[in-house]
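**Q** My structure is below; once you've seen it, I'll send some questions.
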Amino acid sequence: MADAASGSAADKSVQVKLVLLGEAAVGKSSVVLRFVSNEFQANKEPTIGAAFLTQKCRLEDRVLRYEIWDTAGQERFHSLAPMYYRNAQAAVVVYDVTKATSLEKAKTWVKELQRQANPNIVIALAGNKVDLVQPSPAAGSSASESEDEADDATATPGEAPAEASDAENLRQVPREEAQAYAEEAGLLFFETSAKTGEGVVEVFTEIAKKIPLEHILASSRGAAGRPGAAGRSASQDVSLDENQSKGKDACNC
Amino acid sequence: MDADGNFDVLVLGTGLTESITAAALSKAGFKVVHLDVNPYYGADEASLTLDELARWADSRAHPDPADPNPSPYLLSQRETFKAIHRSLVIPEHARHYSVSLSPSLLTSVGPLITSLVSSGVSRYGGYRLLERVGIYDREVGIRSVPASKEDIFKSQEMTLLEKRRLMRFFMFASSDFEGVKELEGHEETGFVEYLQSVFSLRAQVSDAIAYALAFCSTAAEPTLPVLQRLRRYLRSSGRYGASPFLVGHYGGSGEIAQGFCRVSAVNGGVYILDRPIQSITPPHTQPIASSPVSEKSLPGTAPISESKYTIMLKDVPEPLTADIIISSPSQLPPGLRDAAHLVSSTNDSPGESFARCIAILDRPIPFPPPPATPDVSSSGDPAKPEGSSDRAASEGEEAAKPVDTAVLVFPPSSLDGGSSTAAVHAFITGQGTMSAPQGKYILYLSIAFSNSEKSPESQLKPYLDAILSLISSSDDGASTAEALFKVFYIQHPHQTPTLATTGAEAATALLIPSVSTALTETADASSVAAEAVFFKAVEILKAKHPEAWSPRDSETKSGSGGDVFEEIAFFPPTEFDDAEDAGEEW
């Protein structure tokens, strides 16, 4: 590749819309919080507050700017709007390794994405809360904090409490099973812990490697930087937030 | 959601007005639960895939023998949408279409755009400038309508005198014309006659102004309201480009409604679709002992349930409670019909009935190239947004490119077999608005409906045929153009029940006014109605809990500590941006 060409590409940060999907209380927001601010909050309230978070991700000579959309709780009554995942270039579908039904829910989301979303979408499957099933040196204290992560009213009572001794028994989704499904469905696969940070950054960097950046870069040109403008001529698209001060006769002088 | 399902406001219906209202209430700090009986967002303004559209049509078209007791919702829908008739075969890739039940053009300066920008919803979706407006002419086919003053100067079709008359009219129409002598005594005159008699414009020009710029549906529309509407359009021109109008991606209104619902959810709104209401118990009718009384939410909040509505939904075990209910006309539960207070808004219109057709085409409408551009803007203007300089630069090439997003107007008497009194507006959207697969186009036809004896199909088919023959004749040697799918129907304004006007002060159930469904008016009308409903709701909630609400969120926002309701605004500027970019590394 010519130096000049790659040099100019490096100046562009490519905006990528990434959506989170998964059953309530599997830790979607916690995974993002870990990625974006390297934090973890036990007892996190169900998602309220931000429309999306942004985080840059450096990849070799290019910078990706993730625009990360959280479900804002709209998945809870199966009422997530199609608008949410339209135009997404990437999706992280999260399940909880201690809850088998959450993988089934994840599979329905994958199906929905493959049917409805951008055909080039990169999907990662993330089995979260893996800290709960790992015997750790400080097992007693860490596990008792983790149980609070079941983070909202819809969490199944009695599911979270983790005694250090039966950490392995908590696992309801074997890694091999989920991985086999992911391979078959063409997904990236990770086990993660938002609590310890394990696997979280990898999810986002591996997605970044797999995204067809050139394609996005080419098609978003002239589309006012909208991440969703992939794959079509966008010269007539407008960004509503711009031009607000423009007079009606901003003419050619 | 609180474990106890305790809300301030229950909103019924996810149409555009309801969704804007819900978003505004959530942003103002109220706890909102928002329901729709349909499995999709948008209600009567939804964007549907073709298979969803077919199901939508079928469930409204005929009594279903399998469903001898249709829901009150379905019955009311069958009063609103009549004489539905669709093609039997659904084309392939049905899920790749976003067909709007409420096709709309958004004025670039207007209440809806203001709400979109101030709520932050604008950044959720994409918008495209309307590329072209044309007028059907039985001799030449499609005649381009000048999109700007520049286009008028460039026009080869008008004499200098005509151009001067036209410019004089535009100067007048953009001004504060109320009460000036050109208008005096003509407020009620039919608009076309007015243009011809007062501004001496010939028929072709006055038709273009009335039907293609002011979007009149008949020649007889009274001058004053038309002029006021036209002034809004003229003032919208130039904000994002030459056209005053934008088209929302993915079917427009339905997608925009979803955006407002997301803003509501992001601010704590709870969303439940596709769950019919099983029961609504109004306040005071019976003490609800079984419901847990929670005091945890706010200091000073009145104990719940006795002063609140209690709502049970199908398949949701927990009851919901709410101080007030806000409902769209079509989703108002029959039990609330007598208690509901119809909110009036400044744009109250009786609402017109339209005969409509939605058709899928596999070729674009052959618009003529735009008026010749004698090298005015191609030099580029740094002040121009990227989009519009691109447009100018590629105008020559665009002549060959199919027009993706456009309106074709058929003035009255322009077509044999067509209406001699009403204009037909044909709105087309293609892949550029993400509403159709590549190479496919959605065509929406509408005509003001007056003659109840004529089916929508017999009224609109001549227009569809005229468009198909334009397409066929433009394509040398190619096969005759046909619509891949069509549905015809009549849309009446919502039947708003006769409501008691007394006791409005004590009302706790608010009925959203029915708004115009006209192509260029419906979006702004929804936003205006939402604002009226929002302020009415705030007023009632304030009266209901004068003490409970004042502490909420007000400590940091205002030093006064006084009555927070004085400060509640419809989508005020907020810290929204900060919240969104919390993780930003700049």
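The values are calculated or read from the model by the stated rules, or taken from the named source; none is laboratory data. All of these numbers come straight from a predicted model, not from anything done at the bench. Cβ coordinates were reconstructed from backbone atoms using ideal geometry, including for glycine residues, and neighbour counts include every protein chain displayed. Keep in mind that these areas ignore ligands, DNA and RNA; they rest on the heavy atoms of the full protein, side chains included. Shrake-Rupley method; radii C 1.70, N 1.55, O 1.52, S 1.80 Å.
**Q** What's the number of the condition A:Tyr84 fails, among (1) in a helix (DSSP H, G or I); (2) at pLDDT 90 or above; (3) over 13 Å from the mean Cα position of the chain (by Cα)?
**A** The single condition A:Tyr84 does not satisfy is (3).
**Q** For the stretch B:31-43, how many residues meet the condition of being touching a helix residue (DSSP H, G or I) at 6+ places or on another chain (Cβ under 8 Å) and either free of Cβ contacts under 8 Å to residues at least 60 places away in the same chain or open to solvent by 10 Å² or more (accessible area, probe 1.4 Å) (or both)?
**A** 2
**Q** Residues that are at pLDDT 65 or above, in contact with a Leu (Cβ under 8 Å, 6 or more places away or on another chain) and surrounded by 14 or more Cβ atoms within 10 Å (Cβ to Cβ), at least 3 per element: which helices (runs of 4 or more DSSP H) completely within the stretch A:131-198 meet that?
**A** Values: elements: A:139-146, A:167-170, A:175-185.
Ranges flagged: A:175-185.
**Q** Which of the residues spanning the stretch B:433-461 are part of a helix (DSSP H, G or I) and crowded, with 16+ Cβ neighbours inside 10 Å?
**A** Kept after step one, since they are part of a helix (DSSP H, G or I), are these residues of the stretch B:433-461: B:433, B:456-461.
Across the stretch B:433-461, the qualifying residues are B:Thr433, B:Pro456, B:Glu457, B:Gln459, B:Leu460, B:Lys461.
**Q** Kindly evaluate B:Asp8 against the criterion of being touching a residue at least 40 places away in the same chain (Cβ under 8 Å) and either in a loop (DSSP other than H, G, I, E, B) or open to solvent by less than 40 Å² (accessible area, probe 1.4 Å) (or both).
**A** So B:Asp8 fits the description; yes.
For every residue, the table says whether it meets (1) modelled with pLDDT of 90 or more; (2) surrounded by fewer than 21 Cβ atoms within 10 Å (Cβ to Cβ); (3) closer than 24 Å to B:Leu48 by Cβ; (4) among the polar types (S, T, N, Q).
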site: B:Ile311; (1), (2), (3), (4): yes, no, no, no
site: B:Ile324; (1), (2), (3), (4): yes, no, no, no
site: B:Arg337; (1), (2), (3), (4): no, yes, no, no
site: B:Asn347; (1), (2), (3), (4): no, yes, no, yes
site: B:Ser353; (1), (2), (3), (4): yes, yes, yes, yes
site: B:Cys357; (1), (2), (3), (4): yes, no, yes, no
site: B:Pro366; (1), (2), (3), (4): yes, yes, no, no
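**Q** Separate question: Of the numbered conditions (1) touching a helix residue (DSSP H, G or I) at 6+ places or on another chain (Cβ under 8 Å); (2) over 30 Å from B:Gly432 (Cα atoms), B:Asn6 fails exactly one; give the number of that condition.
**A** Result: B:Asn6 fails condition (1) only.
**Q** Restricting to the stretch B:72-92, give me the number of residues that are in contact (Cβ under 8 Å) with a residue 24 or more places away in the chain and of a type in the set (A, V, I, L, M).
**A** Here the count works out to 4.
**Q** Quick one: would you say B:Ser47 is in contact (Cβ under 8 Å) with a residue 24 or more places away in the chain and farther than 20 Å from B:Gln491 by Cα?
**A** It is false that B:Ser47 is in contact (Cβ under 8 Å) with a residue 24 or more places away in the chain and farther than 20 Å from B:Gln491 by Cα.
**Q** Looking at the stretch B:114-131, is at least one residue over 18 Å from B:Gln258 (Cβ atoms) and open to solvent by less than 30 Å² (accessible area, probe 1.4 Å)?
**A** Yes, the stretch B:114-131 contains at least one residue that is over 18 Å from B:Gln258 (Cβ atoms) and open to solvent by less than 30 Å² (accessible area, probe 1.4 Å).
**Q** Could you grab me the full set of residues in the stretch B:151-164 that are open to solvent by 80 Å² or more (accessible area, probe 1.4 Å) and assigned to a helix (DSSP H, G or I)?
**A** Selection gives B:Phe153, B:Leu160, B:Leu161, B:Arg164.
**Q** Inside the stretch B:46-82, can you point out the residues that are open to solvent by 40 Å² or more (accessible area, probe 1.4 Å), farther than 30 Å from B:Met434 by Cβ and more than 22 Å from the chain's Cα centre (by Cα)?
**A** Residues satisfying the conditions are B:His62, B:Pro63, B:Asp64, B:Pro65, B:Ala66, B:Asp67, B:Pro68, B:Asn69, B:Ser71, B:Pro72, B:Leu75.
**Q** State yes or no: is B:Met167 loosely packed, with under 15 Cβ neighbours inside 10 Å and either within 14 Å of chain A (Cβ to nearest Cβ) or assigned to a loop (DSSP other than H, G, I, E, B) (or both)?
**A** Yes; evaluated as a whole, the condition is true for this residue.
**Q** Right, another one. State which residue pairs qualify: first residue among the hydroxyl-bearing types (Ser, Thr, Tyr) and inside the stretch A:10-33, second residue buried (at least 24 other Cβ atoms within 10 Å of the Cβ) and modelled with pLDDT under 85 in any location, beta carbons under 7 Å apart, and separation of 6 or more residues or different chains.
**A** Listed by first residue and then by second, the contacts come to A:Ser29/A:Thr47; A:Ser30/A:Glu149.
**Q** Exactly one condition in (1) open to solvent by 10 Å² or more (accessible area, probe 1.4 Å); (2) modelled with pLDDT of 95 or more is false for B:Pro493; which is it?
**A** The single condition B:Pro493 does not satisfy is (2).
**Q** Another question, then. Go through (1) under 22 Å from B:Ile84 (Cα atoms); (2) modelled with pLDDT under 70 for B:Glu505 and report which single condition fails.
**A** Condition not satisfied by B:Glu505: (1).
**Q** For the stretch A:81-101, state whether one or more residues are open to solvent by 10 Å² or more (accessible area, probe 1.4 Å), touching a helix residue (DSSP H, G or I) at 6+ places or on another chain (Cβ under 8 Å), more than 8 Å from chain B (Cβ to nearest Cβ) and of a type in the set (Lys, Arg).
**A** no
**Q** For B:Val198, are the conditions met, namely being aliphatic (A, V, I, L, M), away from every other protein chain (no Cβ under 14 Å), open to solvent by 20 Å² or more (accessible area, probe 1.4 Å) and without any contact (Cβ under 8 Å) to a residue 40 or more places away in the chain?
**A** yes
**Q** Exactly one of these conditions fails for B:Ile142: (1) open to solvent by 20 Å² or more (accessible area, probe 1.4 Å); (2) away from chain A (no Cβ under 14 Å). Give me its number.
**A** Tallying (1) open to solvent by 20 Å² or more (accessible area, probe 1.4 Å); (2) away from chain A (no Cβ under 14 Å), B:Ile142 fails exactly one: (1).
**Q** Does the stretch B:25-47 hold any residues that are of a type in the set (A, V, I, L, M, F, W, C) and either within 13 Å of chain A (Cβ to nearest Cβ) or under 17 Å from B:Ser253 (Cα atoms) (or both), and which are they? Even if it seems obvious, please write down each step before you answer.
**A** Here is the first cut: in the stretch B:25-47, the ones of a type in the set (A, V, I, L, M, F, W, C) are B:25, B:28, B:30, B:32-33, B:35, B:37, B:43, B:46.
Within the stretch B:25-47, B:Val32, B:Val33, B:Leu35, B:Val37, B:Ala43, B:Ala46 meet the criteria.
**Q** Looking at B:Ala219, is it open to solvent by 20 Å² or more (accessible area, probe 1.4 Å), closer than 19 Å to B:Tyr233 by Cα, touching a residue at least 60 places away in the same chain (Cβ under 8 Å) and within 14 Å of chain A (Cβ to nearest Cβ)? Write out each step before concluding.
**A** Details: open to solvent by 20 Å² or more (accessible area, probe 1.4 Å): yes; closer than 19 Å to B:Tyr233 by Cα: yes; touching a residue at least 60 places away in the same chain (Cβ under 8 Å): yes; within 14 Å of chain A (Cβ to nearest Cβ): no.
In short, no.
**Q** Applying the selection to the stretch B:110-139, what residues are assigned to a helix (DSSP H, G or I) and within 7 Å of another protein chain (Cβ to nearest Cβ)?
**A** B:Ile113, B:Leu116, B:Val117, B:Ser122, B:Arg123, B:Tyr124
**Q** Could I ask something else about it? Go through the stretch B:93-108 and give me each residue that's modelled with pLDDT of 95 or more and among the aliphatic types (A, V, I, L, M).
**A** Within the stretch B:93-108, B:Val99, B:Leu101, B:Leu105, B:Leu106 meet the criteria.
**Q** Kindly list the number of the only condition in (1) part of a helix (DSSP H, G or I); (2) surrounded by fewer than 22 Cβ atoms within 10 Å (Cβ to Cβ); (3) among the hydrophobic types (A, V, I, L, M, F, W, C) that fails for B:Ile20.
**A** Condition (2) is where B:Ile20 drops out.
**Q** Out of all the residues in the stretch B:237-260, which are at the interface with another protein chain (Cβ under 8 Å from one of its Cβ atoms) and touching a strand residue (DSSP E or B) at 6+ places or on another chain (Cβ under 6 Å)?
**A** Result: B:Tyr240, B:Gly241, B:Leu246, B:Tyr250, B:Glu255.
**Q** Now a separate question. Condition test on B:Ser217, is it small (Gly, Ala, Ser), under 23 Å from B:Val515 (Cβ atoms) and in contact with a strand residue (DSSP E or B) (Cβ under 9 Å, 6 or more places away or on another chain)?
**A** For B:Ser217, the condition - small (Gly, Ala, Ser), under 23 Å from B:Val515 (Cβ atoms) and in contact with a strand residue (DSSP E or B) (Cβ under 9 Å, 6 or more places away or on another chain) - is met.
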